[in-house]
Structures are given as structure tokens and as C-alpha cells.
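Encoded as C-alpha cells, the structure appears first; notes follow it.
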Amino acid sequence: MKITNLTRGTLIAGRVQIADTFLSRLMGLLNRSLAEGEGLIIPRCQSIHMLFMRFPIDVIFADKENKVVGLLRGLKPFRFSPIFWKASFAIELPVQTIEKSKTELGDVLQNEGQTLLSRK
């Protein structure tokens, strides 16, 4: 799956997986790494934790219309994100992805030609 920033016309991630089972959500990025261009979508997610992580990440939170409602740059291991009450899903990404994709609050995301990423 590929995620683009429709508003800016930029690529966010070319290889994205979805953590939509109990186990995949529980494990998240533990015992994994993210190469440039990779990402992990966590549906039904308004905040994340970085407990037991070994590297920082960028995180984009978006609502059910795929509008960006929260941005975290370089969230470090053993930290907690704020709660983004309007968020429907989160995308965990390598550090610098937000900057490289020029993503800002209010931007609209797109999934390979489909507007909706979240599961209603």
C-alpha cells in the first residue's frame, strides 16, 4: 500500500502495512525497524506509546476523512504521545518523513487512489 499527501502532492510512504489485529497492534514496531519509505498504519488510534522501542519515529494522526489532525516529529523511545481526540488512525514513519513530505495539519492523505484510509 502507498500513502500520499494529496494536498501537497508528496509521497509519505511507498510500503505501508496495517496493524489491525490484536497481536499486530500489540507488537507494533517492536523488534522491527522502519526503512525509508516504510510505514505502519494503526487503525482506531488516538495516541501511541514508545515503550521498549529502540529508535525515534515520526507519527501522523488523521481523522476519518483522512485530514491530518496531529503531527509528532522524532518521538523518542519510552515516551507517550499526546491524545489526539479527533484522530481515527495513526501512521508510524521513519524520522524526517513529515519534513520530507511537507505534511502539515489539515492536509488530506490518500491511499493508492482511494481517499479513505480509516475503517468506519
### Filter result for Val68 (assigned to a loop (DSSP other than H, G, I, E, B), in contact with a Gly (Cβ under 9 Å, 6 or more places away or on another chain) and either among the β-branched types (Val, Ile, Thr) or modelled with pLDDT under 95 (or both))
no
### Task
Look through segment 63-83, keep the residues that are at negative phi and in contact with an Asp or Glu (Cβ under 9 Å, 6 or more places away or on another chain), and return whichever of them is surrounded by the fewest Cβ atoms within 10 Å (Cβ to Cβ).
Arg73
### Query
Checking Glu104 against (1) exposed (fewer than 15 other Cβ atoms within 10 Å of the Cβ); (2) touching a helix residue (DSSP H, G or I) at 6+ places or on another chain (Cβ under 7 Å), which test does it fail?
(2)
### Task
Within segment 100-115, identify whether any single residue is outside any strand (DSSP E or B), within 16 Å of Thr7 (Cβ to Cβ), small (Gly, Ala, Ser) and modelled with pLDDT of 95 or more, and answer yes or no.
yes
### Query
If Phe52 satisfies every condition in (1) more than 12 Å from the chain's Cα centre (by Cα); (2) closer than 18 Å to Gln110 by Cβ but one, which is the exception?
(2)
### Message
Only one of Arg8, Arg44, Arg15, Arg32 is basic (Lys, Arg), in contact with a Ser or Thr (Cβ under 9 Å, 6 or more places away or on another chain) and more than 20 Å from Leu105 (Cβ to Cβ). Can you tell me which?
### Response
Arg44
### Task
Test each condition in (1) at pLDDT 95 or above; (2) among the acidic types (Asp, Glu); (3) in a loop (DSSP other than H, G, I, E, B) for Asp58 and report the one that comes out false.
(3)
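The values are calculated or read from the model by the stated rules, or taken from the named source; none is laboratory data. Being a predicted model, the structure only gives us computed values, none of them experimental. Cβ: placed from backbone, ideal geometry, glycine included. Neighbour counts: every protein chain shown.
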